[in-house]
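Everything on this sheet refers to the single structure shown next.
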Amino acid sequence: MGDTSNRYWPICISLALALTTFAVFWQVREHEFIDFDDDLYVTNNSNVQAGLTAQGIKWAFTTAHAYNWHPLVWISHMLDCRLYGINPAGHHFTVESVAWVSERKDVLSTFFWLLTMWLYVRYVRHPCFITYPHPGADLALWQILASALLLLCISVGVIRLSRSHRWLIVGWPWYLGTLLPVIGLMKRQKQSAKRINLLFLTAILGGL
């Protein structure tokens, strides 16, 4: 009996927190937009008010409007405009912190952070794949040193050119990070990771 009650405690606590949050935020249906950034994000933003369009998505990924680059925030506001128009009730009730439409960005960032932590914990408890240093000695020492020197020279060149070609500072680290699983230093169980090279090639294509 005790074990059963202990098992239901987390569910009860979660429901209580959810109901409390819902009760508090229910009143925001009657709130209006405010003059603190809501004009930049919604009320005076024609790109957002146009709703979810191909042109709007392109704008979301290429603009630094409101001094931030956060395309998912823009897209979420566009979706709200598509669903609710400029009715503040819909925008407020789509969830944001402290009933402030413009601060949805911290809700989204917190959501993805919590999602990342949950996935990590799930992986630790139930590993779906195993990585370990490559046990083989297929490469000669001079090949390893030459490859490392080449990567170092390219990295130095990227740093020098990044002031005039800003995409390099994103594309090259992306390429290096995604290159790690496919250069033979790591294996996935008994399979080589060389067959999953599409991801790092997108860094090169993106740069082109």
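Of note:
- Taking every Cα-Cα distance in segment 31-122 and sorting them into 10 Å bins starting at zero, the pair-distance distribution P(r) comes out as 17, 49, 26, 8, 0 percent.
- Subtracting the Cα-Cα distance of A64 and Q27 from 0.36 nm times their residue separation leaves 10.1 nm of extension gain.
- Note on E32, E103: ascending count of other Cβ atoms within 10 Å places them as E32, E103, the fewest first.
- Multiplying the residue separation of W142 and S155 by 0.36 nm and removing their Cα-Cα distance gives an extension gain of 2.7 nm.
- 3J(HN,Hα) from dihedral phi, segment 152-159, Karplus parametrisation 6.51/-1.76/1.60, rounded to Hz, x for glycine, proline: 5, 5, 5, 5, 4, x, 4, 4
Read-outs throughout are calculated quantities, based only on the coordinates presented, and are distinct from any laboratory measurement. All values reported here derive from a predicted model rather than from experimental measurement. Here the Cβ is made from the backbone with ideal geometry for all residues, glycine too, and neighbour counts use every protein chain on show.
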